[in-house]
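Every number in this text was worked out from the coordinates using simple rules, so none of it is lab data. Only a predicted model underlies this, so the values are computations on that prediction, with no experimental measurement involved. As a convention, Cβ positions derive from the backbone with ideal geometry for all residues, glycine included, and neighbour counts pool all protein chains shown.
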Amino acid sequence: MNNEIKTLTGVRIVAAVWVVLHHFKEPLFMLLPFLGTIEPIFDFGWIGVDLFFALSGLILSYTYSNKITRNLTTAEYLDFLKLRLARVYPVHFTVLIIVSLMVIVAKKLGYELRTFDFINYSWQYFILNLFMVHAWWSPGQSFYGPAWSISMEFLAYLAFPLLTVFVKRPRSPLFNVSAIIISYSLMLVMLHLTDGLTVQNGVVRIVGNFTVGCFMFEIYKVLKHKTIAWGKISTSMLVLMLIGVFVNDWIGLTAAQSVWLIPVVGILMFTLAFEKGPVAAFLSRPLMVWGGEISYSIYMTHVLVIMIFGKIIPAENYSDSNLLTRLIIAAAYLSAAIISGAAMYYVIEKPGRRIIRAIQWRRSSNAVS
């Protein structure tokens with residue numbers, strides 16, 4: 001088992017919180033209008049998903065590249081899929097069931113749940129979500145907000161063993177750099193031409209970012225023992241990203257016109273993998289690493305907070321309250337996202353992962369682990 005790159009584990013909580021802030025923008029801005037001074041940070045939270053996709057490609061390569069042979073067998077392939085399902089499916093299944101029950105109860109009581117435009121509550125789409133294939137051709141078949149990205153991740157899992165056999169073949173660093181440039185370029189052109197950085201472009205985003213992550217690992221292997229000022233580079237990339245976010249907002253660029261920020265975030269992630277500099281040191285702190293461990297559950301459950309709090313303590317009911325009350329309500333939204341994510345991690349994600357990993361469907365001593 002490879003040693004954990006703690007910095008990248010810390011990156012995961014940053015990506016998750018960025019997405020949460022993006023989706024919590026409406027209630028938080030109603031409660032705390034002064035947050036408008038950093039509105040671009042909230043607006044560009046969609047990049048957190050692209051960061052997740054690229055991070056997934058890099059981390060999977062880091063973890064499994066040496067365990068998947070060129071002569072890939074069906075048994076190795078199925079073992080890999082089992083381990084990845086153990087990682088994502090328990091939480092996905094649990095949230096799917098919770099949302100389904102909420103939909104049934106809300107319908108009985110005559111309530112309309114707050115949700116996303118691309119959600120469709122029907123039994124046909126429930127079945128597609130159950131097998132995580134719902135967003136492969138139409139994002140409008142997602143049963144709850146983050147479900148579309150899990151469907152994309154599953155698609156990447158299916159392709160990864162075959163992709164890594166191709167990527168890990170001995171090639172020059174120039175080839176790997178060129179592959180990253182081409183992957184990013186094709187993705188950005190397609191996103192720009194379709195005039196949208198939305199779930200409708202889910203396949204484009206996962207293919208582009210995930211492939212980049214896989215090739216980044218090949219470069220990481222070559223450079224990890226080189227003496228390079230990664231700390232200064234990562235700090236510079238972070239500053240460039242923040243400047244880009246605010247400048248894009250200031251000049252009024254749309255999301256489709258702002259996709260150039262995706263490679264900036266991807267390169268920032270890559271430089272942090274070397275665990276050098278102040279940014280990497282911060283992300284490696286125990287609290288950030290713990291946050292990274294529960295980040296998937298936070299990402300998956302924050303939609304439940306939106307749906308429940310939207311009915312129990314709707315932000316608009318408190319927009320004219322005194323500052324202390326509004327701060328308490330805003331803190332309740334954010335705390336609920338973290339607490340529900342932590343609870344999901346310890347009650348469902350960890351035990352579920354352990355149970356699925358323990359399943360044995362064949363006798364073998366060389367299973368991918």
- Note on the range 263-333: the mean projected area of its alpha-carbon convex hull, in nm², is 7.2 nm²
- Task: Note down the nm distance, to one decimal, between modelled labels 7 Å out along Cα→Cβ at L78 and at R354.
- Result: 2.6 nm
- Query: Which of the aspartates and glutamates could a cross-linker span from K276 if the Cα-Cα distance has to be under 17 Å and same-chain partners fewer than 8 positions apart are dropped?
  - Reply: E4
- Rule-of-thumb check for the range 15-104: C-alpha Rg over 2.2 N^0.38 Å? 1.56
- Item | Per DSSP, loop trypsin sites (Lys or Arg not before Pro) in the range 60-90 with at most 14 further Cβ within 10 Å | R70
- Can you list which of the trypsin sites (Lys or Arg not before Pro) found in the range 193-272 are DSSP loop residues with at most 11 other C-beta atoms within 10 Å? K226
- Item | Cα centroid of the range 28-104 to Cα centroid of the range 295-343, whole Å | 21 Å
- Full-stretch length increase - A332, D249 - with 0.36 nm per residue and alpha-carbon distance subtracted: 27.0 nm
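Would you please report the Å³ per residue occupied by the convex hull of the alpha carbon atoms in the range 186-249?
On the way: hull volume 6.6 nm³, N = 64.
Enclosed volume per residue, from the Cα hull, is 103 Å³.
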- Item | Cα-based convex hull, the chain, per residue volume (Å³, whole number) | 149 Å³
- Item | Long-range amide H partners of S142 with built H, under 5 Å | N120
- Query: Which aspartates and glutamates have a Cα lying under 12 Å from the Cα of K168, excluding residues fewer than 8 positions away in the same chain?
  - Reply: E218
- Peptides 234-240, 120-126, 271-277: what's the order by average Cβ count within 10 Å, highest mean first? 271-277, 234-240, 120-126
- Query: Where Rh is the Kirkwood radius over the Cα pairs of the range 222-369, the temperature 37 °C and the viscosity 0.692 mPa s, what D in µm²/s does Stokes-Einstein return?
  - Reply: 168 µm²/s
